[in-house]
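Taken together, the values in this text are just the output of simple stated rules run on the coordinates, not laboratory data. The shown structure was predicted, so the numbers you read here are calculated from the model rather than taken from an experiment. Here Cβ is always computed from backbone atoms with ideal geometry, including for glycine, and neighbour counts include all displayed protein chains.
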Amino acid sequence: MNEIVVDASITLSWCFPDEQAPLSLAVLDRLKAGDSAIVPAFWSVEVLNSLLVGERRGRISPDQTQAFLRNLQALRPAFDHVSLDQVIGPVQKLCRDHRLAPYDALYVDLAMRRQCPLATLDQPQRDAAKALGIQCL
């Protein structure tokens, strides 16, 4: 079983058909086949926020949100927590060196620390990962 850092862009594309990409569907297939998702601790709140925005915009219903969250729960993602020292040090450096938002930098940092691939549709994250020798799916 392999770990994959799965960011919110990949996750949310599973919910919104107009955002689906072959990459995101391939990641979902891998997770269903036994690979495990690892995510920063804030991931579930980031995903929930986007789903609620989707509800307000009429893209999905509250029932669809609940069903999607139950499906995510079934994937049993592992949650990673970082210390303030990690944020002050390596994460802040990633933000500055690669012009990433702190949230995006945490995904890259997690992939680097766990030495596992990063699954993202976010180009700045992909560029930073590539520059750091981190595999992107």
Residue among Leu51, Leu69 that is in contact with a Phe, Trp or Tyr (Cβ under 7 Å, 6 or more places away or on another chain), over 19 Å from Pro124 (Cβ atoms) and among the aliphatic types (A, V, I, L, M) = Leu51
Long-range neighbours under 9 Å by Cβ, at least six apart or interchain, first residue more than 17 Å from Ala21 (Cβ to Cβ) within region 101-121, second part of a helix (DSSP H, G or I) and acidic (Asp, Glu) | Tyr103/Glu46
Would a scan of region 97-120 turn up a residue that is farther than 20 Å from Gly133 by Cα, of a type in the set (A, V, I, L, M, F, W, C) and assigned to a helix (DSSP H, G or I)?
-> no
Matching option when the condition is closer than 22 Å to Arg126 by Cβ and touching a residue at least 24 places away in the same chain (Cβ under 8 Å), among Asp80, Asp18 | Asp80
Mind listing whichever residues of region 1-26 are closer than 17 Å to Gln73 by Cβ, of a type in the set (A, V, I, L, M) and assigned to a helix (DSSP H, G or I)?
-> Ala8, Ile10, Leu12
In region 56-81, what residues are within 21 Å of Gln115 (Cα to Cα) and out of contact with any strand residue (DSSP E or B) (no Cβ under 7 Å at 6 or more places or on another chain)?
-> Arg76, His81
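Of the residues that sit in region 27-55 and are among the small types (Gly, Ala, Ser) and part of a loop (DSSP other than H, G, I, E, B), which one is nearest to Asp80 (Cα to Cα)?
Residues of region 27-55 among the small types (Gly, Ala, Ser): 33-34, 36-37, 41, 44, 50, 54.
Retained after the next criterion (residues that are part of a loop (DSSP other than H, G, I, E, B)): 33-34, 41.
Values: Ala33: 22, Gly34: 19, Ala41: 5 Å.
For region 27-55, the residue satisfying everything is Ala41.
Please work out if Phe79 is buried (at least 17 other Cβ atoms within 10 Å of the Cβ), among the aromatic types (Phe, Trp, Tyr) and outside any loop (DSSP other than H, G, I, E, B). Before the answer, list the steps.
Values: buried (at least 17 other Cβ atoms within 10 Å of the Cβ): no; among the aromatic types (Phe, Trp, Tyr): yes; outside any loop (DSSP other than H, G, I, E, B): yes.
For Phe79, the condition - buried (at least 17 other Cβ atoms within 10 Å of the Cβ), among the aromatic types (Phe, Trp, Tyr) and outside any loop (DSSP other than H, G, I, E, B) - is not met.
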Scanning region 82-133 for residues that are closer than 17 Å to Val45 by Cβ and not small (Gly, Ala, Ser), which turns out surrounded by the most Cβ atoms within 10 Å (Cβ to Cβ)?
-> Tyr107
Ser61 is checked against (1) among the small types (Gly, Ala, Ser); (2) surrounded by fewer than 16 Cβ atoms within 10 Å (Cβ to Cβ); (3) closer than 13 Å to Asp7 by Cα and fails just one. What number does that condition carry?
-> (3)
